[in-house]
Amino acid sequence: MNTGKAYKSGLRVVASHSSLWGLFLQGDRHAFAEIYDAHIDDLFHYGMHFCQEKERVKDCLQDLFQDLWISRAHLSADIQNVRYYLISSLRRRLLRALRKDRRYQHRDAWEAFEFEYTLPLENQLIQQETLEAQKRLLQEGLAHLTRRQREAIYLRFFQNLSYNEVADIMSMQVDSVYNTISKAIGILKKNLSLPLLLLLLSK
């Protein structure tokens, strides 16, 4: 899978993701390609956080976009946040795939599953000469969080989803998401310097 953003629309300009979605539902292949290119890297990155199995993530992503195109006539035209919709759809697919895996058949194995929070290599917030050192310190800080705390932090601050959207994706109450993220930030404050904490939460 090429997860790069190679597609260019030339002189064709589309105002927003919501208008792209509408064109896609009408069968516009260019709009579909733009949606794919705008989100594929983030979706792949999220999927790799979720199960760390590259081929499984690639298969789920391929199936996701194939099914989107095939079933476009039956999809809602009221999607306001395409990124939220795609992440939510990918998460459900990954969960179904993992639950079919014998390693995750037992509840204890599933509860032990980790959401591996790794920073994208292309993150330009960290200057290149300090990238590895900063990443190592951030990883050490994030290691103190639970799986759900890491996922909530990732969705809220790195995918810029609202608390309501995070709650829906993670099948949680909104108040629980607020509490989860609040507790996670409290833990991070104890384990990260202020500059690193601001770096993490200012994505």
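The values are calculated or read from the model by the stated rules, or taken from the named source; none is laboratory data. This is a predicted model, so every value here is computed, not measured. Cβ sites come from the backbone with ideal geometry, for glycine too, and all protein chains shown count toward neighbours. Side chains are part of the model used for accessible areas, which takes the heavy atoms of the whole protein and leaves out ligands, DNA and RNA. Shrake-Rupley method; radii C 1.70, N 1.55, O 1.52, S 1.80 Å.
Of all helices (runs of 4 or more DSSP H) completely enclosed by segment 59-144, which ones contain at least 2 residues that are at pLDDT 60 or above, within 21 Å of Asp42 (Cβ to Cβ) and open to solvent by less than 40 Å² (accessible area, probe 1.4 Å)?
Where helices (runs of 4 or more DSSP H) fall fully within segment 59-144 and carry at least 2 residues being at pLDDT 60 or above, within 21 Å of Asp42 (Cβ to Cβ) and open to solvent by less than 40 Å² (accessible area, probe 1.4 Å), they are 82-100, 131-142.
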Any residue at all in segment 34-52 that is over 30 Å from Arg147 (Cβ atoms), aromatic (Phe, Trp, Tyr) and modelled with pLDDT of 90 or more? no
Confirm whether His45 is within 30 Å of Ala143 (Cβ to Cβ) and touching a Pro at 6+ places or on another chain (Cβ under 8 Å). yes
